[in-house]
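The structure appears below as structure tokens.
The values are calculated or read from the model by the stated rules, or taken from the named source; none is laboratory data. Just so we're clear, the structure is a prediction, and the values are computed from it rather than from any experiment. In this analysis, Cβ positions are derived from the backbone assuming ideal geometry, glycine residues included, and neighbour counts consider all displayed protein chains.
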Amino acid sequence: MIVTDMVEVAKARYRISIDNEIAFVLYKGDLRLFGIETGAELSGEKYDEIIHQVLPKRAKLRLMNLLQTRDYTEKQAREKLAQGHYPPEAIDAALDYVKSYGYINDVIYCKKYLEDRILHKSKRKLKQELEQKGIGKDIFESCYKEVVSEGRVMDEMTSDQIECAQIERLLLKKKYESENADYDTKQKMMQFLFRKGYSVQNIQKVMGEFDSFT
């Protein structure tokens with residue numbers, strides 16, 4: 001293996017490329033310790049030590065520091081470490097470590113996220129947001145059902161009842177008055193609510209419009 005490039009990415013930190021592919025980021029002291037310089041050969045033994053010993057320890061510390069300030073899903077944590085050019089082996093080791101202590105748990109993250117926002121956003125919108133964070137459909141549906149059915153939200157309101165309550169709140173916030181709204185105004189309001197992620201059925205139910213949504 002030949003060290004083909006070294007680029008300083010931060011003070012005393014260098015991105016190392018091996019055989020023309022980015023391999024990892026090391027401190028300046030590591031370069032001296034492992035004899036890393038452009039054009040030099042890196043032995044398999046030294047490479048394995050960096051990949052399986054040095055970087056996993058640093059990835060664990062990095063992830064633990066990140067978790068002190070906020071919660072992460074597994075996908076978010078993986079992406080954050082990848083931004084630091086930690087190799088997959090180090091990322092996997094760091095995630096296995098924090099997950100073993102429950103510091104990262106996608107189910108707990110999903111439940112907490114829903115509990116904080118379920119009264120203010122539609123189910124579809126919440127699902128989209130959590131999917132972007134790496135929460136799968138099965139976990140979302142299970143957590144959503146649990147958060148609603150366990151009486152954590154408005155006693156034992158159903159998903160549709162929660163959504164209707166949210167729609168009513170938005171209509172009040174927008175100072176919408178059905179009796180004074182013309183056709184175009186009603187259509188614009190329905191489209192606004194639909195873009196928020198609410199179902200056509202619940203929009204029509206709350207607004208009292210059962211045959212005009214197109």
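Restricted to segment 131-168, and to residues there that are among the hydrophobic types (A, V, I, L, M, F, W, C), under 12 Å from Val107 (Cβ atoms) and not in a loop (DSSP other than H, G, I, E, B), the residue that is modelled with the lowest pLDDT is Val147. Restricting attention to segment 97-130, the residues that are among the charged types (D, E, K, R) and modelled with pLDDT of 90 or more total 6. The residue list Thr69, Thr73 contains one member that is without any contact (Cβ under 8 Å) to a residue 24 or more places away in the chain and over 25 Å from Asp19 (Cα atoms), which is Thr69. Scanning segment 93-107 for residues that are hydrophobic (A, V, I, L, M, F, W, C), surrounded by 14 or more Cβ atoms within 10 Å (Cβ to Cβ) and part of a helix (DSSP H, G or I) yields a total of 4. With respect to the conditions (1) farther than 28 Å from Leu114 by Cα; (2) crowded, with 18+ Cβ neighbours inside 10 Å, Arg78 falls short on a single one, namely (1).
Yes/no matrix, rows are residues, columns are (1) of a type in the set (D, E, K, R); (2) touching a Phe, Trp or Tyr at 6+ places or on another chain (Cβ under 7 Å); (3) within 28 Å of Ile139 (Cα to Cα); (4) outside any helix (DSSP H, G or I):
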{"residue": "Ala23", "(1), (2), (3), (4)": "no, no, no, yes"}
{"residue": "Leu31", "(1), (2), (3), (4)": "no, yes, no, no"}
{"residue": "Ile50", "(1), (2), (3), (4)": "no, yes, no, no"}
{"residue": "Leu55", "(1), (2), (3), (4)": "no, yes, no, no"}
{"residue": "Arg62", "(1), (2), (3), (4)": "yes, no, yes, no"}
{"residue": "Thr69", "(1), (2), (3), (4)": "no, no, yes, yes"}
{"residue": "Arg78", "(1), (2), (3), (4)": "yes, no, yes, no"}
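For Asn20, the conditions (1) within 30 Å of Leu114 (Cα to Cα); (2) out of contact with any helix residue (DSSP H, G or I) (no Cβ under 8 Å at 6 or more places or on another chain) all hold with the exception of (1).
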